Each structure stands twice: as C-alpha cells, then as structure tokens.
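The values are calculated or read from the model by the stated rules, or taken from the named source; none is laboratory data. In this text, all values refer to a predicted model and were calculated from it rather than measured experimentally. Cβ placement follows ideal geometry from the backbone for every residue including glycine, while neighbour counts extend to all protein chains displayed. For the accessible areas, the whole protein counts, side chains as well, though only heavy atoms, and no ligand, DNA or RNA atoms are used. Shrake-Rupley method; radii C 1.70, N 1.55, O 1.52, S 1.80 Å.
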Amino acid sequence: MLPSGNKRTKIRPPRRSLLDNAISGVVKDHGAEFEKSWRLLLIAIKLIQEKNVSELSYEQLYRMAYTLVLKNYGTKLYDNVCQQIKQHLLQRRLHLVLSDMMDDEANFLKEISIEWNEHLQAMKFISDVLMYMNRVHVKEQKVPYIYDLGIVLFLENVIEYNDHEIGHRLIDTIILEINNSWKGQIITTKTYITKTISMMNELEYGKRTVAAATVTADDVDNEGSNYYQRYFEPRFLSVSSTFFSQFALECLALESGSHYVQATSQFINEQESMLNFFLSTTTHPKLMQLMCNVLVKDRIDYIISLPYENHGLSYWLDNVIRNITATTRSDPHYEELRLLYDLVGRFDPERKLLKLRLRDRIIEDGQKIEQIALEMAQNSIKSSSFSSSASKKSPSISFNSSSFATNWVNSVLDFKNQYFKIISRSFGRDHTFEESIISSMRTFVNKNGFNAPEILSIYIDHCLKQLTKGGSKTPVDELLGNALTFINLIRDKDAFEAYYANHFAKRFLNSKGGASRMVDGMDIEDLFISKVVDMLGLSTVAKLLKMNKETKLSWELTKEWKKLVEADKDKSLIEMELKICNTVDWPKSMTKDYRIFVGDEAEGQAPFIWPKQLRHTMKQFEEYWSLGKKNSSKKLYWSPKFGNMELRISYPSRTYDISLSTYAGIIMLLFAPQSDESCILPFEEKRSYTYTEIKGLTQINDADLRRQLQSIAVAPRLRLLTKTPMSKEVNDLDIFQLNEKFKSPTTKVKVLTVSSSSSSSGSTGKVTATTADDDSLEVNARIIEGRKVILDAAVVRIMKSRMSLNHNDLIGELLKQLASRFQPLPLMIKQCLAGLIEKDYIMRDPKERNVYRYIA
Amino acid sequence: MSHPSDDIKGVTDSDKFKFVVLKKVASISSVLRNTQEFAEGRSGRIQLDMDGDILECIVEYLYYNFKYKDKAASGSVPEFKIPTHLALELLVKADYLDI
C-alpha cells in the first residue's frame, strides 16, 4: 500500500467530506445547520417510537448525530432528545390514564408492561443512533446515558407523574391481585405481575443523579435505589403484615391448635413457591420472614401451650402416655407434630422453643409413668393369684419391688421409643431432638427421691432370674438392649454399678447346685457384664469383672472338691458347693461381718460354733485350699450367713430330703445323732433344747436365730421342730423338739426363711420390701463412701497437675471428670475440700481465699 | 453488489468499492453491528462514506482482530501494519466506527 519510490511518506490529512456530506450542501449558519440535522433526527426518533425502525438508514442517522456532536452541538442535541422522549411519554401516559382499561386489573397491568417494553425497545434504538453522543458527549458532561435517561424519564413522566397517579395504581393493583391469590382466588395476571415488578426493579433512582460514570453495584444495592424498593416493597410489606395478622386471627378463631398448624403450614408452603415466582430476591426473604414472624413466631408458643381440649402439644402427644397402658395403641398426632416441627424451624433452625416445650411435656408425662407402673404392678397382683412363681410378691407394692421395677422400666423404654418414633416420623430424624429427649428423660428418671439406679438393677436382676429359669418370653438380646438403653438414662452410673454388684452377689450366693447361667448357649451374666463394660468403660465396672471371675473360680473349685470327695475312701468328707469371694471386691453389705464368725475376744464375741459333723470337712478343705491350691497367703473365712444345706431327715412318717438355710441346717444338726456309733434314734431320744441352749451351742446371733427358729418351728405347714409353748413369738425359755408328726406331700422339702422384720413384728406383710430397704440403705452408704474416695482422688489428681486453681475452675473440672459416674453435690465437694485441707494435701492461697494450692 | 446472505455483509464505500465481510467480523464494530436492526439489516448493505483504501485497511483490521481476539493473552500476535500515510485518517474512521 505504500507508495513506492517515496523515501519520505506524507501523511494524508483526514478528509473533510465526512462532516460536510452530513449536511449535504454548504450551510454557513451554524444554527440552521443544527436545525436541519435535528429535524431529520427528530423524525427518525418519532419513527422509532412508532416502531418503524427498519425504514431508517442507521448509517445516515449515526453520521448525523456524529457530526452534531463533533460540531459541539452535543448539549443541545441531548436536551432536544430528552424533550422529545418526555413529550412522547406524556402522551403515552395520557393514553394509559384515559383508556378504559384502567378499570380492569389484568388489562391495566398488561398495558403498562407493554408500554414499558415498547419504551425500552425504542430507547435502545435511540441510544444506538446516538451512540457517538453516548461515547463522547455523555462522558464529558457527566450526564446519564441516553438509555438510562429514557428510564428516568419514564419514571418521572409516567409512573410518578401527577403524584404517582399511575405508580400508586400499579402498586395497589399488584397487591390486590396477590392478596386475592392468598384468599384462594385464581389470578390470571401472573405474567404481568412478574413483568411490572421487574419493571419497577429497573426503574432505578441512582441513574437520575449519577452521571455518565458507570453505576456501581453499591448504588444499586442501596436501600430504595429503585422504584420497587422505595415504594412498592414497604407498602407491600405493610399490607401483607395486616393481611397475615388477620389470617392468623381467623385461624385462631377456631381455638384449635391442630387447625392452626395445618392452615398456616399450607398457606406458608403455597405462598413460598408462588411468591418466589413474583417477587424480587430481596423481598422474598423479607416477606417470608414477615410471614413467619406474624404467623409462626408470634403465635406458635401460644399454640403449643394450648390446653388439651384446644389441641395443643399436650393433645398431640397425649397418646404416647396413653399407649403405655392402652391395649390398642393409637398413634400420636404425627402429622401435626411434623407441621409444628417445620413451622418452628422457619424462624429458628435449632427449634429451641419446641425443645423446651417438649422437655416440659416429657418431664410432666414421665413422672406419671411412676404412678402408671405402680398401678400396673398392683393390677397384675390382683389378677394373678398369690401362687405367682417368679418372685416373692408382696401384696402392697413398693418402689423397689421387682414388679414395679419391670413395669416402670418397660414403660419408660416404651415412652422413649414412642418419642423416637415421633422424631423419625415427624421431626425429620433430627439428632438434636434425640439428645434433647434423652436429656429430658434423664431429668425425670433421675429426679430426687426416686432411686432409678436401684430400680434398674432390680429390673435386670428380675430379668436375669427369669431368663435362667427359662420363664421369660423376652429374647435375651431385647432384654439386654433395653437394659443398656436404660443405663444411658441413669445419671449416677456408680450407683447403678453398686446396686448391680449387690444383686449380682446375691444371685451368686443364693444360687444352688451351680444353677445354670446359660441361656441359648450364652452365659448371660458374662454377656451382660461385657456389654456394660463396652458402655461404661473398664474402670467403672472393674469390681464387677473381678466378682464375675471369682464366681467362675468357685465353680471350678466346686468341681475339683467333688472329685476329691468321691475319691475319699473313708467317706468322711461332705460334698460342698464352694463360693469363695474376695472381701475387697464384693459388696460390703455382704462381706462386712465376715470376721465375727471367728469370734473377737476383745469384744467378748464368742466364735461361731460349727457342728462337729461339718468340722472335719471344713478342716480338710482349708488344708486343700491353702496348700493344694497354693493360697497360703490368703485367709479363708467361713460365713454361715449364706448358702443352703441339704439334709436327709428320717421322720417317723417318711424320710425327707430337706433343703434349708445354713443356719437352719446347723440348728437341725443339733438334734441329729451325735456320732455314728450311737444307736439311739433321735426320735426315741426326744432330745429337747431351750432357745438359750441352742444359742449357746451355736452362737448364732439373736435376730438370725429367732428368724430361723420361726422358719422351722412356727411357720405353718413346715414345722420341722415343735415349740412349747406354741406361739408366734420366740422367747428365751421356749423349748424345741423334733416334730414327730411332720408330714409333707413330697419327699423334697424346701424351707424358706422368713424375714427378720416379720420375726420381730410378727406380721407377714412387707416381707421382701423391708429387707430390700435395709439392703438399699447399705448400698447407699456404700455408694456414698465410694464417691468420697473417688472425689478425693479426683481433687488430688487435678490439683497435682495444676498446682493452683481457683474454686470455680476446680468445681468445673471435677464435674467434667466425674460426669460419667455421678454428679457430686456441692456439699460433698465442700466437705471433701475441707478434709483435704485438713490432711495438708491442699491449702487455700493466703492472699486469695478462692484459690487452692497443691502441697507437694 | 450486495450479498444479503445471513453471514455476509457488504461494506461499500462511496467511490464504488465493495467489500464483502462476514457478519460476525463486521460486528466487531458496534456501529456496524447496530445497523442490523435498521434498514441496512434488511438490505444487507451498508453505505459508508470513505475512500476505498481506507476501507480496505479497516476490513483488514477487522479480520485481523477477529482472528487474534482469543489469542491476545498468549502474546503470539503479529503486529498489524498500518500504512503510514493513512494513519491519521484511519484514526478518525476508527473513532467513527467505534473500533
């Protein structure tokens, strides 16, 4: 393209023709020159506004505008264009106002959106034609772009003109339509509502003042930066608020919580989707929030707390507590609960209010379970005759009877399962609710004055006994599951362990002939303990594990002893079932007085006198145990309190195999032939002893001796001995003899020992209850002892690592460490700290009384 | 003289030169793009008031721009040669066409 041969290139000046041609012909007068071009442009703009774009040559128009801008007519052109648009819009407005369509909502909205669309279209073309002005003039003068100018003009001359004549009408129409749809009417104007709403969004105020500089995002986000936000939204929200309040009142008028949740849920759900379609993204959340506040948040607590008759929460949940006793179950109101859950979630995702109210209900209802279980236990006694097989049932039910325990535990578990079902069916399997329900249940399970750990232990004891007897229909797994679930509800795990140990010990010591613990091929005690270990940790149940181990050692020993007895040529040894318990690990209530049977000379306590028939065997066993089994470092004590004896006694009527307690057996042995050589039969001898003599010969303590004598001489039907005089009370001078007339329908006879209380009071009532009460008092004492030790240890442990700590932190740390076992009472902590200060483990800081220091 | 096909747009100058340019190439200029809604869009012809050599250079530039617009980032774009003697006038035309 370069001209060849030219060394120096000449730059051609731009041609003037572009400017001259635009105003074809030579017009010297600048004013006339502008007028001429403007007239052409004006015609073009009008044509554009009449939608006749395709007849115009863009290039010509563009060139005209270009020329005018280049010749500094920019401002004039801009103003003229502005004027023309304004006039056009005022015309259109008049057309809108005057047209008949003003009376018809649908058409009105339609007309407005059409006008708007046409205006925007026209503005686009005008803006295209005046592109050069946009690029040059607008930037220099910092005035709005032509297109934006069009929007501002539309806002000023159509919508806002004459005090918002059209604007207000538009807002009212849209609100009316939306309200109609809320009332359930079908509206046909949806598309136009959407269009006009988006129009209002586009009518931005920022463009009126912000110059050619681009409108930044901030300006758009400003509150009320467009017509929609400034006028429509506030009005819409206030009208909506009134509407919602009214709606809420209508729903409340029926005084039914069920109706209210159903109606509002339906309404909110419908509107949520519908409004999403109409409203701008900024209003939608606001409106939904308003709706939730008015319909849900402000009123839901009232609804939840409505009394039973008015279908509040208590009504929806009522079936849960009813189901426990009902023969035919009816579901709680899952649907209403689900709606409630959703509604509450709308304003609080954690649903604290619902949890709180649910907690109140659970605690209130949960406490009823106690009464229900009590009634159930009583009913079962009334219906079943006294020959109940499972356990010794007493006519009046106390809280630690096994019947109450079973009913209560089962009812509480039932209660819990029903609530969990509600969670899965109505509360979207919300795990936070599971926690909340468990914690609420803990509150009523562990309430003061109600010994849940003991009851649970009784329950388990009862179940295990049933299982080993094969009398229970409940599968092992289910039972274990139940028990383990329940342990979770118990706050004081250490108390449970103590009670459980107590029951375990009793089961073991009272078992006879190595009674099987096997159910379905599993040792259920083993199984249960291993599950508890999994749950509570090894350290918590260390004692239980040791106890369990010792029971097994005892069995083996029993077997070995049996072999030894069989191998004995003299037949001088007696077969024994051995139960050897380490006094450290077994419950104190069982082992505390193991020493008194060897006597204590200092206290004038004579040693227990074992019958001479047994002494040889006992001596042989002691030797075998300490030498043969290498237990020389341990000391063996015999405890006649426990266990049973099997005696074969030949009464004149018949020979009986009698099973009776060790004490009773020892008493009976007094009447037995004293040596093998003696040929005198006991019944011919008519040996007789007074109470005092028996006591002297055995050294059984008074309470036990009276009790045993009552069992074998006073209780009807099973009088192995006769007593003179024949009375219920056992007095010191009463004389006892073998009962020659003893008769029993079977050759095997089992003597049950009457309880200590009945021997003193003489009444037959409350047999098991009172002994159990004594037991639980002892266990309680043991629990408290144990806790003191644990607490002391915990304090020392904490202080040793921290060296100094203020009171509140120490308490906090203690509660944290001990949470898995029990909750120490403030008083207990106080005593413990005082004790440790006294013992110089810790001291108070001399300057700050609140701070403790560890003394190394 | 005219090629009213969808993809082709004639850009003609006043002294009877005629250039046929792809629509999407011509659309690089917003002015040329805007014509499409108007009468020019129907005829497929745009009458431009400029000399043939200037217009040729502009068309060349439009193709050059179209070819390399995606490669600007990579830096491997050859230089566009502007005939020195037309430089000033091209500047004015470029402003006019908003290129």
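If we keep just the residues of the stretch A:634-673 that are of a type in the set (Ser, Thr, Tyr) and either outside any strand (DSSP E or B) or open to solvent by 50 Å² or more (accessible area, probe 1.4 Å) (or both), which is modelled with the lowest pLDDT? Ranking the qualifying residues of the stretch A:634-673, first place goes to A:Ser653. Of the numbered criteria (1) assigned to a helix (DSSP H, G or I); (2) closer than 16 Å to A:Thr617 by Cα, the one A:Glu575 fails is (1).
Does the stretch B:15-31 hold any residues that are touching a residue at least 60 places away in the same chain (Cβ under 8 Å), buried (at least 16 other Cβ atoms within 10 Å of the Cβ) and either touching a Gly at 6+ places or on another chain (Cβ under 9 Å) or at the interface with another protein chain (Cβ under 9 Å from one of its Cβ atoms) (or both), and which are they? Spell out how you get there, then give the answer.
Step one: filter the stretch B:15-31 for residues touching a residue at least 60 places away in the same chain (Cβ under 8 Å), giving B:28-31.
Filter once more, so that each one left must be buried (at least 16 other Cβ atoms within 10 Å of the Cβ): B:28-29, B:31.
Scanning the stretch B:15-31 gives a single hit, B:Val31.
Quick one: would you say A:Arg821 is in a loop (DSSP other than H, G, I, E, B), in contact with a Lys or Arg (Cβ under 8 Å, 6 or more places away or on another chain), at pLDDT below 80 and not assigned by TED's automatic domain parsing to the domain that holds A:Lys493?
On the way: in a loop (DSSP other than H, G, I, E, B): yes; in contact with a Lys or Arg (Cβ under 8 Å, 6 or more places away or on another chain): yes; at pLDDT below 80: yes; not assigned by TED's automatic domain parsing to the domain that holds A:Lys493: yes.
When the stated conditions are applied, A:Arg821 passes them.
Residue-level check: of (1) open to solvent by 60 Å² or more (accessible area, probe 1.4 Å); (2) assigned to a helix (DSSP H, G or I); (3) in contact (Cβ under 8 Å) with a residue 60 or more places away in the chain, A:Asp298 misses just (3).
Mind checking which residues of the stretch A:827-856 are open to solvent by less than 70 Å² (accessible area, probe 1.4 Å) and out of contact with any strand residue (DSSP E or B) (no Cβ under 8 Å at 6 or more places or on another chain)? Within the stretch A:827-856, A:Met828, A:Ile829, A:Cys832, A:Ala834, A:Gly835 qualify.
Considering only residues in the stretch A:69-83 that are open to solvent by 40 Å² or more (accessible area, probe 1.4 Å) and outside any helix (DSSP H, G or I), the one that is nearest to the other protein chains (Cβ to nearest Cβ) turns out to be A:Lys71.
Hey, among the residues in the stretch A:43-68 that are of a type in the set (Lys, Arg) and away from chain B (no Cβ under 11 Å), which one's most open to solvent (accessible area, probe 1.4 Å)?
Within the stretch A:43-68, the subset of a type in the set (Lys, Arg) is A:46, A:51, A:63.
Next, from what is left, pick out any that are away from chain B (no Cβ under 11 Å): A:46, A:51.
Details: A:Lys46: 92, A:Lys51: 131 Å².
Result: A:Lys51.
Could you list, in sequence order, the residues of the stretch A:131-142 that are of a type outside the set (Lys, Arg) and either surrounded by 19 or more Cβ atoms within 10 Å (Cβ to Cβ) or within 13 Å of another protein chain (Cβ to nearest Cβ) (or both)? Hits for the stretch A:131-142 are A:Met131, A:Tyr132, A:Met133, A:Asn134, A:Val136, A:His137, A:Val138. For the stretch A:781-815, filtering for residues that are among the aliphatic types (A, V, I, L, M), open to solvent by less than 50 Å² (accessible area, probe 1.4 Å) and outside any helix (DSSP H, G or I) leaves 1.
Yes/no matrix, rows are residues, columns are (1) over 13 Å from A:Thr264 (Cβ atoms); (2) touching a residue at least 12 places away in the same chain (Cβ under 8 Å); (3) outside any helix (DSSP H, G or I); (4) assigned by TED's automatic domain parsing to the domain that holds A:Ser426:
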position: A:Pro285; (1), (2), (3), (4): yes, no, no, no
position: A:Val294; (1), (2), (3), (4): no, yes, no, no
position: A:Leu317; (1), (2), (3), (4): yes, yes, no, yes
position: A:Pro332; (1), (2), (3), (4): yes, yes, yes, yes
position: A:Glu336; (1), (2), (3), (4): no, yes, no, yes
position: A:Leu343; (1), (2), (3), (4): no, yes, no, yes
position: A:Lys355; (1), (2), (3), (4): yes, yes, no, yes
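Test B:Leu55 against the criterion of being open to solvent by less than 40 Å² (accessible area, probe 1.4 Å) and within 27 Å of A:Ala44 (Cβ to Cβ), and give yes or no. Judged against the criteria, B:Leu55 is a match. Among the residues of the stretch A:116-130, the ones that are surrounded by fewer than 21 Cβ atoms within 10 Å (Cβ to Cβ) and within 14 Å of chain B (Cβ to nearest Cβ) come to 4 in all. Residues considered: B:Asp7, B:Asp70, B:Asp53. Of these, the only one that is at pLDDT below 75, over 25 Å from A:Asn134 (Cα atoms) and not hydroxyl-bearing (Ser, Thr, Tyr) is B:Asp7. Being acidic (Asp, Glu), in contact (Cβ under 8 Å) with a residue 24 or more places away in the chain, surrounded by 19 or more Cβ atoms within 10 Å (Cβ to Cβ) and facing chain A (nearest Cβ under 9 Å) is the requirement here; does B:Glu89 meet it? Criteria met by B:Glu89. Might you check whether a residue that is at positive phi and either among the aromatic types (Phe, Trp, Tyr) or more than 8 Å from chain A (Cβ to nearest Cβ) (or both) occurs anywhere in the stretch B:58-67? Looking through the stretch B:58-67, none of the residues is at positive phi and either among the aromatic types (Phe, Trp, Tyr) or more than 8 Å from chain A (Cβ to nearest Cβ) (or both).
If the condition is being touching a strand residue (DSSP E or B) at 6+ places or on another chain (Cβ under 7 Å), open to solvent by 80 Å² or more (accessible area, probe 1.4 Å) and of a type outside the set (A, V, I, L, M), then the stretch A:733-753 contributes A:Lys748, A:Lys750. Being surrounded by 16 or more Cβ atoms within 10 Å (Cβ to Cβ), in contact with a Ser or Thr (Cβ under 9 Å, 6 or more places away or on another chain) and hydrophobic (A, V, I, L, M, F, W, C) is a condition met by no residue of the stretch B:64-79. Pick from the stretch B:36-48 the residues that are facing chain A (nearest Cβ under 7 Å) and either under 13 Å from the mean Cα position of the chain (by Cα) or aromatic (Phe, Trp, Tyr) (or both): which of them is surrounded by the fewest Cβ atoms within 10 Å (Cβ to Cβ)? Looking at residues that are facing chain A (nearest Cβ under 7 Å) and either under 13 Å from the mean Cα position of the chain (by Cα) or aromatic (Phe, Trp, Tyr) (or both), I get B:Gln47.
Yes/no matrix, rows are residues, columns are (1) open to solvent by less than 60 Å² (accessible area, probe 1.4 Å); (2) under 28 Å from A:Ile524 (Cα atoms); (3) in a helix (DSSP H, G or I):
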| residue | (1), (2), (3) |
| --- | --- |
| A:Lys421 | no, no, yes |
| A:Phe433 | yes, no, yes |
| A:Ile437 | yes, no, yes |
| A:Ser440 | yes, no, yes |
| A:Leu456 | yes, yes, yes |
| A:Ile460 | yes, yes, yes |
| A:Leu464 | yes, yes, yes |
| A:Leu479 | yes, yes, yes |
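Please verify whether the stretch A:128-148 includes one or more residues that are basic (Lys, Arg) and touching a helix residue (DSSP H, G or I) at 6+ places or on another chain (Cβ under 7 Å).
The initial filter retains those residues of the stretch A:128-148 that are basic (Lys, Arg), namely A:135, A:139, A:142.
Applying the additional criterion that residues be touching a helix residue (DSSP H, G or I) at 6+ places or on another chain (Cβ under 7 Å) yields none.
Looking for residues that are basic (Lys, Arg) and touching a helix residue (DSSP H, G or I) at 6+ places or on another chain (Cβ under 7 Å), one finds none in the stretch A:128-148, hence no.
Could you tell me which of the residues A:Ile166, A:Ile193, A:Ile187 is in contact with a helix residue (DSSP H, G or I) (Cβ under 6 Å, 6 or more places away or on another chain), outside any helix (DSSP H, G or I) and either outside the structural domain of A:Gln49 (by TED's automatic domain parsing) or modelled with pLDDT under 80 (or both)? Steps first, answer last, please.
Numbers: A:Ile166 fails: outside any helix (DSSP H, G or I); A:Ile193 fails: outside any helix (DSSP H, G or I).
None of the others qualify; the one that does is A:Ile187.
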